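*Asks:* Got a structure for you, questions after.
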Amino acid sequence: MVDFVEISVLGREVSHSQIRQEEKETMGRGEDRISCLPESVLQSILTMMPLKSAIRTDVLSKKWRNLWKYSLSTATELDFGQDLVNNLSAIEFVETVNRYLSLHVCKKLERFHVFFSPFDLFASDIQRWISYAIGKGVRYLDIDLSQGFKYKKFGEFTHGRSPFELPSSLFDCDSLIDLSLCCCNFNTPLNLSHFGGLQSLSLSHSNISEEMLQSFLTVCSLLESLSLRSCQQLGAISIMVPNLKLKRLIIRDCRSVDLLVINAPKLQSFHYFGRLCIQTQFLNISSLKDASICSNIRYWRNMSLLSDILYVLNRRNVSILSDLLHVQILTLCSGALMHLNEFEGNLDIDLPLKYQNLRELQLLMNSMTNEDLTCFYKFFYLCSFPFVEKLCIQLPKHIDYPNEEKYGGWMSLKCNTTFDRLKVIKITNFKGSSNEMSLVSSLLQKAAVLETLVLVIRPAKESNGEGILDWRILKGEVLLLQKASPTAQIILHEFGEDDDGLNSTHLEIYNYYNNENFL
């Protein structure tokens, strides 16, 4: 085949075949052609690289040595993140950051990120870094001081260190549009008069109170994204400010919150993780397109709570489901399925719940016992998804419940619904247990236009000694299953293999749910 495509390299016209031939000759001679470029060109290249990558070029050759300092001095983004802190002691990290900031001469900063730990010894350094970024008119500020968490979910430090107190200079910054703080405490009273341009706020393990939250919502009239994680001094979350532009709301593990009220007509994305509130009111969420409701059912099973409180919480979970009928993308944990099944005959809502707009559904299963499988089937009986096109199911990593059969006879209970528009099914952590095979069999028989079924299996070395069936045996068994769609393609592969095109839209929720030991 003639290679006729022409491209320009350093001012001369050459073909792809010529380039490949020259590359072979150059590699054979061991020649470093990039280092032969003028220093100004190399500096220009470095300015387009992430700072940490630019610094690594220092070891390439004598010509590259110290060139990264030019990149640093003119950088508009400074990232002192996990890659750096994990390779240095605390003192070395502080000295490195201080040295780099002394070399930085650019008048403006677009982004500034630090991942460190609030050692009392270095509190003044951290305050100085924040003041430095503010003095440069930083627009995106991310201060993450969670290094050294013993239990990250509950915010306990390995050495009992207290959270970092934010400097007053932070609140003099009028250039911020994105603020992310982790393990940083506010001092009262708050003066947020300079935060009118803030568009995104993320607070994790913070001492923010209900009054402080209302101040942010009132003053930050342009706020579009709000994330609250492990903010344990919040007893109530009320999103009720008139003309609020909020489009994205994330609430994670705020265990003290008993009241949640949302009146946000422009809200498009809502994600809730953790203990369900005793009282929840969705007054106006008419623009909501995607939502996730994930509570840790195991946590509740292990708590000695009064039965009437559990009763209220369970009914509240079902009520939340009825408020989300208009969404297009929905993620639920198995707790929601279980609650709906338990309260089927004692609800003030019409069943089945009809999700007419839903196109994608993701279910996160804590376990796959007979009870869980029954709840799964009952869920599709009590809820209608006539236009769903993609179904993603995350199974538990391990088989660790005594009444969860591993391999043997399948349950006789079958799914009573049909999926007339379902095109893609993806099931992760597939191990081939009897209940999992029953689930796959039922779905294949009910999806008449199914195009692809993806089963992601865990590598045997991660199976915790469970003896997961060989993937070739699994594939053979799955291929023997009856399917309503004769053209459906069945794919089995291990974690890490490329299937990005079939991932759930809520992939980040899957990862969070998986990594935070919900399962």
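The values are calculated or read from the model by the stated rules, or taken from the named source; none is laboratory data. Predicted model, so just to flag it, every value in this text is computed and none were measured. A quick note on method: Cβ atoms are made from the backbone with ideal geometry, for glycine too, and the neighbour counts reach across all protein chains shown. Accessible surface is based on the protein model in full, side chains and every heavy atom, while ligands, DNA and RNA are left aside. Shrake-Rupley method; radii C 1.70, N 1.55, O 1.52, S 1.80 Å.
*Asks:* Below 11 angstrom from the Cβ of T331, what's the summed charge of the other residues (Lys, Arg +1; Asp, Glu -1)?
*Replies:* -3
*Asks:* Let me ask you something else. With each label point set 7 Å from Cα along the Cα-Cβ vector, what nm distance links T505 and V105?
*Replies:* Label-label distance for T505 and V105, simple model: 4.9 nm.
*Asks:* Accessible area of region 157-229 with a 1.4 Å probe: how many percent of it is carbon plus sulfur?
*Replies:* 47 percent
*Asks:* Here's a follow-up. From the Cα trace of region 209-292, what convex hull volume per residue do you get, rounded to a whole Å³?
*Replies:* Details: hull volume 6.2 nm³, N = 84.
Taking the convex hull of the Cα positions in region 209-292, it is 74 Å³ per residue.
*Asks:* If D350, D83, D174 are ordered by their accessible area, calculated over protein heavy atoms with a 1.4 Å probe, which sequence runs from highest to lowest? The partial results should precede the final answer.
*Replies:* On the way: D350 135, D83 75, D174 115 Å².
Final ranking, largest accessible area leading: D350, D174, D83.
*Asks:* Using Cα pairs closer than 8 Å and at least 6 residues apart in sequence, work out the relative contact order for region 76-124, in percent.
*Replies:* Details: 31 pairs, mean separation 30.9, N = 49.
Contact order relative to length: 63 percent.
*Asks:* Ok, one more. Assuming R0 = 35 Å, can you tell me the calculated FRET efficiency for the pair E165 and N357, based on Cβ-Cβ distance, to the nearest 0.05?
*Replies:* Once the sixth-power term is evaluated, E becomes 0.15.
*Asks:* Find out how many positive minus negative residues lie around C231, taking Lys and Arg as positive, Asp and Glu as negative, among other residues whose Cβ is under 11 Å from that of C231.
*Replies:* Computed value for this residue: +1.
*Asks:* What does the extension gain come out to for V261 and Q445, with contour length at 0.36 nm per residue minus their alpha carbon separation? Numbers along the way, then the final one.
*Replies:* Numbers: separation 184, 0.36 × 184 = 66.24 nm, distance 4.15 nm.
Once the chain is fully extended between V261 and Q445, it gains 62.1 nm.
*Asks:* Something else now. Given the pairs K289/K475; K390/K475; K354/K475; K247/K431; K289/K426, which span a C-alpha to C-alpha distance of over 32 angstrom in this model? Each step should come with its number before you reach the end.
*Replies:* Working: K289/K475 36 Å; K390/K475 21 Å; K354/K475 35 Å; K247/K431 38 Å; K289/K426 21 Å.
Too far apart for the 32 Å limit: K289/K475; K354/K475; K247/K431.
*Asks:* When Lys and Arg each count +1 and Asp and Glu each count -1, what net charge do the other residues less than 13 Å away from K289, Cβ to Cβ, add up to?
*Replies:* +2
*Asks:* For S221, S175, give the ranking by accessible area with the largest first, probe 1.4 Å. Please list the in-between numbers first.
*Replies:* Working: S221 60, S175 30 Å².
The residues order as S221, S175, largest area first.
*Asks:* May I pose another question? Taking the Cα-to-Cβ direction at S221 and at Y381 and moving 7 Å from each Cα, how far apart do the two end points lie in nm?
*Replies:* Roughly 5.4 nm, to one decimal.
*Asks:* Subtracting the Cα-Cα distance from 0.36 nm times the residue separation, let me have the gained length for T76 to E210 in nm, one decimal.
*Replies:* 44.7 nm
*Asks:* Next question. Does region 156-274 come out rounded, prolate or oblate by the C-alpha gyration tensor, with a ≥ b ≥ c the root eigenvalues, rounded set by a/c under 1.5 and, if not, prolate when a/b is larger than b/c and oblate if not?
*Replies:* oblate
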